[in-house]
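Read the structure below first, then the notes.
Values quoted throughout were computed directly from the atomic coordinates according to the rules given, and no laboratory measurement underlies them. Bear in mind the structure is a predicted one, so any value in this text is a computation, not a measurement. Glycine also receives a Cβ, built like all others from the backbone with ideal geometry; neighbour counts cover every protein chain displayed.
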Ligand SMILES: [Ca+2]
Ligand SMILES: [Ca+2]
């Protein structure tokens, strides 16, 4: 078994025991660190906000409602790696995860951007077949990583053509979660087709595909295009202590990563009060009989922030 760890605390820890797998291309002793990348897959029950350790970059996050969340990250090895890494959750949830290390991935650009393309999906019903979307690679020889999560504790069979590098499950009472990490070295650029991992038990699941570029390939341009502003923002005071917000999702040339929700009381300046990964947000920090203004901005993975949405105003009831 490659390294991995599962626990029921609000964090998921990783041992520094890298597994070298996949590519040997362009890898020579003495250059190992400069050409190695770590890939972490974190699968957690619930829908917490996940905070990654320093030096790690989110590739993508997928959620099955409020039941299961899986997020993948990379880190270019620079020799400053700690003895362990901890991902922190905003609420306690049973988690499992694994780290795999690869040589030959392009981590030599500034900023480091080894990801060619990635996509993922989650189910809302139980299944033993974990299917990813197809992704379309832009360069020859990508390293394809398949990350699979389940809200129970199955064993997995990797997708056809892919090698299993990590499989770990956690159980605490009736709560369970499991992670599967697989890989494959691709040939020519183009669509990968969807990939299907098979679990020994059914549950809601997440499946992700990530393609990492080999050393020597052309990196994608840095994304400098901001998302479109959120539209149709609506605020409803559902009680004297809660305001529900909803809006129409933004679009981006690469993809919207998150939304920043801002609020102003009366005529005061706007301040950020929360982050949403879906186009809705519940503000449970309001007071009764108070007028609030809200606006929302979309942010992409490169940090480009959209213009603000229109502003909506809502007054909470005196009671109830
Ligand atoms: Ca297996
Ligand atoms: Ca963008």
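One table, with the values for the structure above:
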read-out	value
Pairwise FRET efficiency - residue 88 versus residue 171, Cβ, R0 = 30 Å, nearest 0.05	0.90
Residue exposure sequence - 217, 150, 91 - by fewest surrounding Cβ within 10 Å	91, 217, 150
Rounded, prolate or oblate (a/c below 1.5 giving rounded, otherwise prolate when a/b exceeds b/c) for segment 131-261 by Cα gyration tensor	oblate
Cα gyration tensor shape of segment 75-129, rounded if a/c is under 1.5, else prolate or oblate by comparing a/b with b/c	oblate
Under 17 Å from the residue 236 label point (7 Å along Cα→beta-carbon), backbone N, segment 246-278	246-249
Cα gyration tensor shape for segment 218-264, rounded if a/c is under 1.5, else prolate or oblate	prolate
Whole-angstrom Cα spans of segment 38-136 along principal axes, big to small	41, 34, 20
Additional length obtainable on full extension of the chain from residue 253 to residue 267, 0.36 nm per residue less Cα span	1.6 nm
Inter-part distance where segment 108-127 and segment 170-219 are each reduced to a Cα centre, Å	9
Sequence of 288, 69 once ranked by neighbouring C-beta atoms within 10 Å, starting from the fewest	288, 69
Among 291, 277, 72, residue whose mean-square fluctuation peaks in a GNM of the chain (springs only between Cα atoms under 10 Å)	291
Top of 155, 218, 88 by mean-square fluctuation, Gaussian network on the chain, Cα under 10 Å	218
Globularity index of segment 231-315, i.e. its alpha-carbon radius of gyration over 2.2 N^0.38 Å	1.06
Binned Cα-Cα distance frequencies in the chain - 10 Å width, integer %	6, 25, 31, 23, 11, 4, 0
Candidates 209, 245, 143, ranked by Gaussian network fluctuation over the chain, Cα under 10 Å, top entry	245
FRET efficiency for residue 54 and residue 244, using Cβ-Cβ distance with R0 set to 51 Å, rounded to 0.05	0.90
